[in-house]
Amino acid sequence: MIGNRRIVLGVSGGIAAYKAAELCSRLVQAGAIVDVILTAGALRFIQPATFNALTHRPVATDPWQPWTESAAGHIALAHNAAAIVIAPATAHTLARLALGLADDALGLVCLASQAPLVLAPAMEANMWRHPATQAHVATLIARGARVVGPEQGRLASGLSGEGRLASPEAIVDALQSALVHNASLAGRIIVVTAGGTHEPIDPVRFIGNRSSGRMGFAVAAAAARRGAAVRLVAGPTQLATPAGVERVDVETAREMLAATQTAVADADALVMAAAVADFRPEVELTRKIKKRPGDEELDLRFIRNPDILATIDRPGLIKIGFAAETDDLIENAERKLRDKHLAMIVANDAVATIGSDASQATLIRAGAAPVALPPLPKDVVAERIIDQLAALLPPRDAAP
Ligand code: CTP
């Protein structure tokens with residue numbers, strides 16, 4: 001898994017920086033192309049020459065190194081990395097990563113990269129246990145970083161405690177599993193729908209809902225991060241297209257049905273996160289409705305929209321639906337799971353989730369006990385959904 005992959009090894013300024021040379025050597029021996037970035041603190045402990053001799057590649061220390069025709073500096077490192085591993089990750093570096101600071105080469109590369117991030121913290125025991133450090137680590141884990149160590153043992157202070165850098169074997173293991181996990185949807189085509197629909201009343205008015213599209217966009221981003229080819233069918237939203245995702249914009253339920261039907265033709269899975277209007281005005285007026293003196297009421301007649309998830313039912317297509325309910329959440333979600341022939345349904349409290357950044361979801365798979373997740377940011381819920389989807393897909397050689 002590590003062979004021939006481009007790995008960025010970030011080294012920050014702690015005494016364990018000397019151990020990063022051993023890790024670097026192992027990665028190179030495993031066949032990886034290793035680009036090392038040293039922070040200013042690391043340069044106090046270890047020299048670029050050590051890593052240059054091990055990797056036969058330039059070592060990045062300065063974000064102001066000029067770009068060349070062949071190398072766009074830190075941006076190329078960030079975009080080409082299969083994974084980033086930071087060992088040792090000091091308390092200061094963890095804080096900077098959690099805050100998204102970008103005033104050195106390592107911070108820039110981490111911000112500009114979508115590669116999996118493996119952190120091997122090492123520091124004095126009280127620094128590790130400090131609530132500030134723990135909060136930063138929790139933030140980074142919530143964003144998908146893997147943390148390996150620190151281990152218990154003798155520290156540079158002479159005292160014993162939790163703070164030693166994890167062993168090179170443990171760090172390489174964490175990196176391997178981040179790479180495997182990250183490629184779990186390679187070669188798959190995943191269609192995701194997101195956002196609400198707008199059903200026109202007249203040329204200037206529509207009926208819509210409060211869906212922000214955040215859940216569907218987060219699912220699309222998570223699937224793309226795992227190597228899938230992602231087609232995102234999006235209702236009206238202000239959100240930016242996630243990197244590597246092909247997007248089709250639609251407005252109405254009927255447009256969403258048509259775009260989704262086209263997109264699923266050769267797809268492995270459909271994740272239907274859109275909040276589709278069940279009804280639309282019976283007629284779309286070509287002229288603006290004008291109020292006249294004495295008009296105290298307006299009657300609009302609605303007719304049913306197609307149910308996209310129920311309509312699209314191709315053998316071999318794994319379908320995941322969402323249920324946003326105000327009452328009887330699990331019963332209603334289980335009924336939709338059966339009626340629409342879904343492999344899984346994500347059940348949410350409608351009031352708490354729609355328009356919010358967070359969600360408290362229950363994942364219900366056909367024939368399995370529901371998994372209730374705690375309240376989590378939608379990005380994290382998306383990762384859990386994609387974990388389940390990866391497990392639901394038939395093995396590669398069995399796929400049609
Ligand atoms: N859905 C769909 N097309 C529709 C309505 C819903 O594809 N016209 C999908 C949603 O994207 C979601 C799932 O079906 O994945 C459940 O949607 P929801 O609106 O909660 O359920 P409904 O089937 O519309 O049932 P109810 O009216 O009872 O809420």
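The values are calculated or read from the model by the stated rules, or taken from the named source; none is laboratory data. Model, not experiment: these values are computed from the prediction. When we count neighbours, we look across all protein chains shown, and the Cβ atoms used for this are built from the backbone with ideal geometry, even at glycine.
Side notes on the structure shown:
- Selection within the stretch 165-219 - of a type in the set (A, V, I, L, M, F, W, C), within 30 Å of Gly321 (Cβ to Cβ) and in contact with a Gly (Cβ under 7 Å, 6 or more places away or on another chain): Ala183, Leu185, Ala186, Val192, Ala194
- In the stretch 2-38, the residues that are buried (at least 24 other Cβ atoms within 10 Å of the Cβ) and of a type in the set (Ser, Thr, Tyr): Ser12
- Close pairs from the stretch 296-314: first of a type in the set (Asp, Glu), partner within 16 Å of the ligand (Cβ to nearest atom) and modelled with pLDDT of 95 or more, Cβ under 8 Å, at least 6 apart: Asp307/Val276; Asp307/Asp278; Asp307/Lys340; Asp313/Lys319; Asp313/His341
- Condition check for Arg280: at pLDDT 95 or above, within 13 Å of the ligand (Cβ to nearest atom) and over 21 Å from Lys378 (Cβ atoms): yes
- Pairs, first farther than 19 Å from Arg205 by Cα in the stretch 243-259, second among the polar types (S, T, N, Q) and away from the ligand (no atom under 16 Å from the Cβ), C-beta under 9 Å, six or more apart: Ala243/Gln114; Gly244/Gln114; Arg247/Thr241
- The sole residue among Ile289, Ile308, Ile318 that is near the ligand (Cβ under 10 Å from one of its atoms), surrounded by 10 or more Cβ atoms within 10 Å (Cβ to Cβ) and β-branched (Val, Ile, Thr) is Ile308.
- Counting only strands (runs of 3 or more DSSP E) wholly contained in the stretch 264-316, the ones carrying 1 or more residues that are among the basic types (Lys, Arg) and touching a helix residue (DSSP H, G or I) at 6+ places or on another chain (Cβ under 7 Å) occupy 279-281.
- Boolean, Leu232 is within 13 Å of the ligand (Cβ to nearest atom) and modelled with pLDDT of 95 or more: no
- Search result, residues across the stretch 192-211 that are farther than 17 Å from Asp299 by Cα and within 12 Å of the ligand (Cβ to nearest atom): Val192, Thr193, Ala194, Gly195, Gly196, Thr197, Asn209, Ser211
- Candidates Ala243, Ala275: the one that is over 17 Å from the mean Cα position of the chain (by Cα) and in the same structural domain as Asn209 (by TED's automatic domain parsing) is Ala275.
- Complete set of residues in the stretch 221-259 that are under 14 Å from Gly196 (Cα atoms), buried (at least 24 other Cβ atoms within 10 Å of the Cβ) and of a type in the set (Val, Ile, Thr): Val233
- In the stretch 68-101, the residues that are at pLDDT below 95 and part of a loop (DSSP other than H, G, I, E, B): Thr68, Glu69, Ser70, Ala71, Ala72, Ala81, Ala82
- With respect to the conditions (1) polar (S, T, N, Q); (2) outside any helix (DSSP H, G or I); (3) over 29 Å from Lys378 (Cβ atoms), Gln114 falls short on a single one, namely (3).
- Any strands (runs of 3 or more DSSP E) falling wholly within the stretch 174-235 and containing at least 2 residues that are outside the structural domain of Ile303 (by TED's automatic domain parsing) and of a type in the set (Gly, Ala, Ser): none
- Filtering Asp327, Asp357, Asp266 for residues that are more than 23 Å from Gly195 (Cβ to Cβ) and either among the aromatic types (Phe, Trp, Tyr) or in contact (Cβ under 8 Å) with a residue 40 or more places away in the chain (or both) leaves a single hit, Asp266.
- Out of Leu106, Leu27, sole residue that is in contact (Cβ under 8 Å) with a residue 40 or more places away in the chain, outside any loop (DSSP other than H, G, I, E, B) and farther than 28 Å from Gln134 by Cα: Leu27
- Pair list, Cβ under 8 Å, 6 or more apart: the stretch 72-98 residue over 16 Å from Pro116 (Cα atoms) and touching a residue at least 60 places away in the same chain (Cβ under 8 Å), other residue of a type in the set (Lys, Arg) and surrounded by 19 or more Cβ atoms within 10 Å (Cβ to Cβ): Pro88/Lys19
- Yes/no for Ala156 being away from the ligand (no atom under 16 Å from the Cβ) and assigned to a helix (DSSP H, G or I): no
- Residues of the stretch 340-354 satisfying the condition of being over 22 Å from Leu376 (Cβ atoms) and more than 8 Å from the ligand (Cβ to nearest atom): His341
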